[in-house]
Amino acid sequence: FWFLLGKRRRRSGEPPLENGLLPYLGCALQFGANPLEFLRARQKRYGCVFTCKVAGKYIHFLTDPFSYHSLTRHGKHLDWKKFHFAASAKAFGHGSIDPNDGKTSEDFHHTFIKTLQGNALNPLIETMMENLQYVMLQSSTSKLHPNNWITDRLHAFCSRVMFEAGFLTFFGTELSSNHDDNLSKQEMERARILNALENFKEFDKIFPALVAGLPIHMFKNAHSARAKLEQELLHEKLYKRDNISELVTLRMFLNDTLSTFDDKEKAKTHVVILWASQSNTIPATFWSLFHIIRNPEAMKAATEEVKNTLEDAGEKISLDGKYISLNRKQLDNMPVLDSIIKEAIRLSSASMTVRVAKEDFTLRLEDDSYNIRKNDFVALYPQLMHFDPEIYADPTIFKYDRFLNENGEEKTAFYHSGHKLRHYYMPFGAGIAKCPGRLFAVHEIKQFLTLLLSYFEMELVDNDVACPSLDQSRAGLGILPPVNDIDFRYRLKCL
Ligand code: HEM
């Protein structure tokens, strides 16, 4: 009878089950409207482990942070690639990147780790520091003057600066328009990148719908925006660029040697990199800067740390075209900025970690075990933990020093029920599939803040402006942007 209704019946040893009221969709609408509230209510009703039917899938949610580790422990039974590969193909429209399907034998994850971490991170950071200064200073020098306040919208500003600098860092500069070439070529390159930003925004807007399985043909503007991004990232265009990152250079080589992708599909795999490198970084940068400007204590502590770091490094801010540089070690020794960025991300992150059961198996947790069926999903939703008042007192309040200990160093001791937590901060996912760009992401935000605090004075247009709400329509995908933008102004410091 249950089977005929398309509903699953809970078997013995399985977690409590909610089929939802709607056929196929199950609980999808309630979950999608506000995942945090939805999961909190189920946690209260069923306990820490429960199953919900969401858009035809049965998802077992593990909500106790002490059970997060079990996902790694059960790696043998849980597949992380299946979900990622399928989501990527749906959103970007490339063919299967699963080597088992025969279109490519590239191990994408390995490419990412190899080119975003370890020694590969050093040149990326170095290039980003230059590009950020080029974007912030060189471009609009005509408007920049110590007496001249410039009013802008904070999210729009962060998007422009991070997108342009990040684009140049990963995809290089046009061969004919190096930074010191003549101005009109620079302006043309800038216009093209800012045009790409508009296309990126149009495409990114419908990203949640694509991941949910809606076809891109339903969204005319976004479809054409994605096609224009692909055009920009065709191999023939990339060959005309200089200083391309190791990541993109290697991906181009592997596309050409290990895959049977056509030119368009190859370009689509580069749109994946563009999206992954920008979609979370932009809102994370916004929240970090917003909280600093709004919080005088944070502003004071951050400005002091930046000043001391530059002094120790022997770097001096000037406007005569000489950029400052900080190496990785110097950037790694900025605990106040680290804490500010972590806290801003804690408050805005809503990622979901998903694994697919390869077979029927028993999931063993500390005190319980549960039977899981083949092809079911097992998921973590760390925002529950990030907003747990037992772990983070006053969890909705921004405290710039929340991740600093009494010695002013990184704090790593967080507790729940009297026990120290192994996982207390998880915006980048967990285990094997953890974001490979996380180190670069934190470094680039730190560089952005360091440069802004060094070169500019900044203030909100309305000092008492309310903190914007999080855009829940993107819940599950990473850092949530604000629902509305904020006016601020900035001007060059008198140096
Ligand atoms: C994957 C978060 C910045 C590249 C992911 C995942 C999360 C995440 C949650 C999925 C992990 C999982 O499923 O367990 C973030 C956040 C960022 C950020 C919060 C910024 C604040 C970046 C940057 C890059 C990047 C700057 C640079 C290219 C990637 C890639 C993947 C990924 C390539 C897919 C990895 C794979 O499937 O092998 N990220 N990310 N991310 N991220 Fe990031």
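The values are calculated or read from the model by the stated rules, or taken from the named source; none is laboratory data. The model shown is predicted, which means the values in this text are computed figures rather than measured ones. Cβ coordinates were reconstructed from backbone atoms using ideal geometry, including for glycine residues, and neighbour counts include every protein chain displayed. The protein model used for the area step is the full one, side chains on, heavy atoms only, and it has no ligands, DNA or RNA in it. Shrake-Rupley method; radii C 1.70, N 1.55, O 1.52, S 1.80 Å.
Tabulated data for the structure shown
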| item | result |
| --- | --- |
| Point-to-point label distance, Q330-F387, nm (Cα→Cβ direction, 7 Å offset) | 4.0 nm |
| Overall Cα dimensions of the stretch 123-243, principal axis frame, Å, largest first | 49, 36, 27 |
| Residue-span extension gain [R153 to S105] - 0.36 nm each, minus C-alpha spacing | 12.9 nm |
| Estimated vicinal HN-Hα couplings, Hz - the stretch 74-85 in sequence order (Karplus 6.51, -1.76, 1.60; Gly, Pro = x) | 9, x, 4, 9, 10, 9, 9, 6, 3, 5, 5, 4 |
| Potential extension, K57-K185 segment - 0.36 nm per residue separation minus Cα distance | 41.0 nm |
| With DNA, RNA and ligands ignored, accessible area of C27 (1.4 Å probe; Å², nearest 10) | 0 Å² |
| Protein accessible area in the chain, 1.4 Å probe - carbon and sulfur % | 52 percent |
| Ranked order, M458, M218 - accessible area, probe 1.4 Å, largest first | M218, M458 |
| Violating pairs (Cα-Cα greater than 30 angstrom) within the set K82/K240; K76/K114; K143/K201 | K82/K240 |
| Neighbourhood charge, 9 Å Cβ-Cβ cut-off, centred on A120 and excluding it, Lys, Arg +1 and Asp, Glu -1 | 0 |
| Kirkwood hydrodynamic radius (C-alpha pairs) into Stokes-Einstein, the stretch 9-114, 20 °C and 1.002 mPa s, D in µm²/s | 132 µm²/s |
| Local net charge near G478, Cβ-Cβ under 14 Å (Lys/Arg +1, Asp/Glu -1) | +2 |
| Theoretical ellipticity at 222 nm over the chain - DSSP helices of four or more residues, -39500 (n - 2.57) apiece, nearest 500 | -13500 deg cm²/dmol |
| Cα pair distances in the chain, grouped into 10 Å bins until the bin that holds the longest one, percent each | 4, 18, 29, 27, 16, 6, 1, 0 |
| Dipole magnitude of the stretch 351-469, debye to nearest 20 (Cβ charges: Lys/Arg +1, Asp/Glu -1, about Cα centre) | 720 debye |
| Whole-number accessible area per residue in Å² for the chain, which is evaluated in the context of all protein chains at 1.4 Å | 46 Å² |
| Charged-residue dipole, Cβ positions (Lys, Arg, Asp, Glu), the chain about Cα centre, Debye nearest 20 | 1880 debye |
| Above-threshold pairs, the threshold being 30 Å between Cα atoms, out of K329/K493; K81/K329; K7/K220 | K81/K329; K7/K220 |
